[in-house]
Amino acid sequence: MFHLMPYRDLPADFERLYNSAYIDPVWFDVADSDKVGQFYNATLDEMLYAAKAGLHGLCTNQHHQNVYGFMANPSIMGAVLARQTNGQNIAIIQLGSTLPSTTPPTRIAEEYAMLDCISGGRLVAGFPTGLPADATISNGVIPVEQRERFREALALVIKAWSARDIFAWNGRHYQLGMVNLWPRPIQQPHPPIWIPGSGISSTAEYVVGQDHCFCHLSYYGAKNAEQVSDRYWELVARKGRDDNPYRFSFLQLIGVGETDREAEELYAEHAEYFFHKLLYTPTYYQAIPGCLEYEALVQSLRHNPRASINLRELKAKDLFDRGFVVVGSPKTVREQLLDGIKRLRMGHLLALLHFGSMPTALCKKNIDLFAREVLPHLADLWDDTYEDRWWPERLKAKRPAAALATAS
Amino acid sequence: MAAREVRRLSLWQDRIQTEVEISGRGQPLVYLHGPWGLAPDRAFVAGLADGHTVYAPKFPGTTHGNPDAIHALDNWFDLTVYYGELFDKLELSAPAVVGHSFGGLVAAEFAASAPKSVGRLVLIDPVGLWRDDAPVKNWMILSDKVRRPSLFANSDGEAARRFFDVPSDPAERIDTLAQFIWAQACSGKFVWPIADRGFSKHAHRIAAPTLIVWGAGDGIIPPVYAQEFARRIADARVELIDDAGHLPHLEHPEAVTKVVRTFLGS
């Protein structure tokens, strides 16, 4: 289960007040610290509930200065989840701390190693480059350096996790004279590495080149992702990698109800809240010069299918019809997800079972129905043919049947 | 208009290829463009070429076919050493140097680090200083609604229209936009997120007589900065250009060219 930890109680006229979910909303005009305390706790409750219900992993993520999701340090959330799920067969998927905006990046290597130790080797180590606004505005990273910092930082982290001797790192962006990390992760030489991206750019090339798992974090649904997945699998073939579906993860907003009609009614306002209020970030905070390398910039100017969509004009029905959110009875959701999983060759489905202003009770209902009526039909799909090489070793033997049994 | 020669130089241990557009005849003048690349400034450069041999180098990374050159320079020290190499390669000896916006700061830092290498200095709406009571806008993250009137006093005028105009041919359009964005990315490397990297500590080293030109309606860097620059540079004077924003040389090229030529004695 993936969770963004959004602000769930924005003013009704938020869209009128602000043209962006990022950077501009002023805390004291919009938010309340007591409420946010409740939201953080509700988020943890919902994720722990998902763990008990039998989902396979819990995903946290890092964002800053926005209403859309502000786990400013996902390791804090991950620490609670790791501790509270000990003994359960569930991965702690940090998706994750952003390397380019953390100096020195060995700080993240340490935090992740702590999480791996606390969880007993259940960590999936996710390394996003960071959204442009997060990295460059909130954290002051120079846009044109974001990606090269990322690559250098990740190389440093991996070496710091597994090096047998103390070493010096004389890098371009980071210089450390004596690296001797305490602690080291249980999973050696390193935990499975997942790297998110919103399209096929130089980052995807790098991910495939390094044989890590690529996570396409789109909010526009499997129905609209074929072009990206096709390009991804072409890239995989070109780089001589196998077609193992587990090297591809995909995020999907999901809302399950008893019937199609009930689901549409239950999730409509929360879907609109998500797309109208939380996801609304104007181009000038997303397309910051330098965040895309030159070739990727040219590609994006050639082809930007979403450039013309104004999310605020779409009603819930449009969001459902277009497949941005998969909503319906268990049967409907099963069919749509199975179709997407097969078409995209998706190895890991990152289920966003909480979105927008959804209250905890509804989120738990969503989790229950998903875990009971949908998940059993999706798990195991590829397991006869492929091994998930991007999953913690200690969890492999037990999943997924054992995990589901535990929940029931 | 004087004929233009485009010279391609290989510098920085061959890691940076850069084009230098050379035009006109007379005393040498180096023109350093702002964050949007050399393209928008060509007409202004042509005006300077009447009476000068103008050398207009493209900033590293903004020469076609060599976008990654920007990764060969890491900091301001690299950048000033690089410009020393560029001036040597062009066999320039204490030329006049004119810089706009980001190019103004490059010109000023170079003049401060190598005082004998610059004969006369012209800074047009330069970045490089900061006052908390008059913050400089980050031009790389402005909405269109804010950006246009910040750059131009007359945001519907001909200069603004030409500046933002893109060709109708799809391939040319992509190329123009990519260059426009990438030029900001490359220059932004040295001034993100705040264009104050210590110039106030270096300014006293500038020996060249200096003219500071400022658009009176600059919405990116308020004109109070004209005096901030002037009081830090030993031999400096200020010319304000009325009815002009951050790009006075585009909105009122004749007026800017006139004060520059008068200052340079050309």
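The values are calculated or read from the model by the stated rules, or taken from the named source; none is laboratory data. Just so you know, these numbers come straight off a predicted model, no measurement behind them. So basically every Cβ, Gly included, is an ideal-geometry build from the backbone, and we count neighbours across all protein chains shown.
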Legend entry - First in the range A:163-177 and more than 21 Å from B:ASN75 (Cβ to Cβ), second anywhere and among the small types (Gly, Ala, Ser) and modelled with pLDDT of 95 or more, Cβ under 8 Å, 6 or more apart: A:ALA168/A:GLY177
Legend entry - Among (1) of a type outside the set (Gly, Ala, Ser); (2) touching a strand residue (DSSP E or B) at 6+ places or on another chain (Cβ under 9 Å); (3) buried (at least 22 other Cβ atoms within 10 Å of the Cβ) - the single one A:PRO100 does not satisfy: (2)
Inset, instruction - Could you tell me whether any residue of the range B:35-49 is more than 24 Å from B:VAL122 (Cβ to Cβ), away from chain A (no Cβ under 14 Å) and in a loop (DSSP other than H, G, I, E, B)? - result: no
Legend entry - Candidates B:ALA171, B:ALA178, B:ALA216, filtered to the one that is among the aliphatic types (A, V, I, L, M) and crowded, with 17+ Cβ neighbours inside 10 Å: B:ALA178
Inset, instruction - Within the range A:147-159, identify whether any single residue is more than 14 Å from every other protein chain (Cβ to nearest Cβ), crowded, with 23+ Cβ neighbours inside 10 Å and under 30 Å from A:PRO25 (Cβ atoms), and answer yes or no. - result: yes
Legend entry - Looking only at the range A:160-193, and only at residues there that are touching a Ser or Thr at 6+ places or on another chain (Cβ under 9 Å) and within 13 Å of chain B (Cβ to nearest Cβ), the one that is surrounded by the fewest Cβ atoms within 10 Å (Cβ to Cβ): A:TYR174
Legend entry - Among the residues listed as A:ALA50, A:ALA42, A:ALA82, A:ALA12, the single one being over 15 Å from the mean Cα position of the chain (by Cα), touching a residue at least 40 places away in the same chain (Cβ under 8 Å) and farther than 20 Å from A:PHE370 by Cβ: A:ALA82
Inset, instruction - Please work out which residue is farthest from A:TYR232 (Cα to Cα), limiting yourself to the range A:167-216 and to residues that are within 15 Å of the chain's Cα centre (by Cα) and of a type in the set (Phe, Trp, Tyr). - result: A:TRP194
Legend entry - Among the residues listed as A:LEU48, A:LEU17, the single one being surrounded by 15 or more Cβ atoms within 10 Å (Cβ to Cβ), away from chain B (no Cβ under 14 Å) and hydrophobic (A, V, I, L, M, F, W, C): A:LEU48
Inset, instruction - Check every one of the helices (runs of 4 or more DSSP H) wholly within the range B:115-223 and list those with 2 or more residues that are within 14 Å of chain A (Cβ to nearest Cβ) and under 27 Å from A:TYR22 (Cα atoms). - result: B:144-151, B:170-188
Legend entry - Test result for A:LYS342, outside any loop (DSSP other than H, G, I, E, B), modelled with pLDDT of 95 or more and over 30 Å from A:ALA31 (Cβ atoms): yes
Legend entry - Breaking point among (1) buried (at least 18 other Cβ atoms within 10 Å of the Cβ); (2) under 27 Å from A:ALA79 (Cα atoms); (3) more than 14 Å from chain B (Cβ to nearest Cβ), for A:GLN38: (1)
Inset, instruction - Could you tell me which residue of the range A:252-274 is nearest to the chain's Cα centre (by Cα), considering only residues that are buried (at least 24 other Cβ atoms within 10 Å of the Cβ) and hydrophobic (A, V, I, L, M, F, W, C)? - result: A:LEU253
Inset, instruction - Return yes when A:PRO196 is away from chain B (no Cβ under 14 Å), without any contact (Cβ under 8 Å) to a residue 40 or more places away in the chain and either in contact with a strand residue (DSSP E or B) (Cβ under 7 Å, 6 or more places away or on another chain) or under 28 Å from A:GLU145 (Cα atoms) (or both) and no when it is not. - result: no
Inset, instruction - Sort through A:ILE108, A:ILE158 and tell me the only one that's β-branched (Val, Ile, Thr) and over 26 Å from B:PRO193 (Cβ atoms). - result: A:ILE158
Inset, instruction - Of all residues in the range A:120-144, count the ones that are more than 10 Å from chain B (Cβ to nearest Cβ), touching a strand residue (DSSP E or B) at 6+ places or on another chain (Cβ under 7 Å) and over 18 Å from A:ILE186 (Cβ atoms). - result: 2
Legend entry - Odd one out for A:ALA113 among (1) within 14 Å of another protein chain (Cβ to nearest Cβ); (2) on the phi < 0 side of the Ramachandran plot: (1)
Legend entry - Close pairs from the range B:54-83: first within 13 Å of chain A (Cβ to nearest Cβ), partner acidic (Asp, Glu) and outside any strand (DSSP E or B), Cβ under 6 Å, at least 6 apart: none
Inset, instruction - Identify the residue in the range B:13-34 that is outside any loop (DSSP other than H, G, I, E, B) and among the polar types (S, T, N, Q) and, among all such residues, is nearest to B:ALA160 (Cα to Cα). - result: B:SER23
Legend entry - Filter result for A:PRO74 (within 14 Å of chain B (Cβ to nearest Cβ) and at negative phi): no
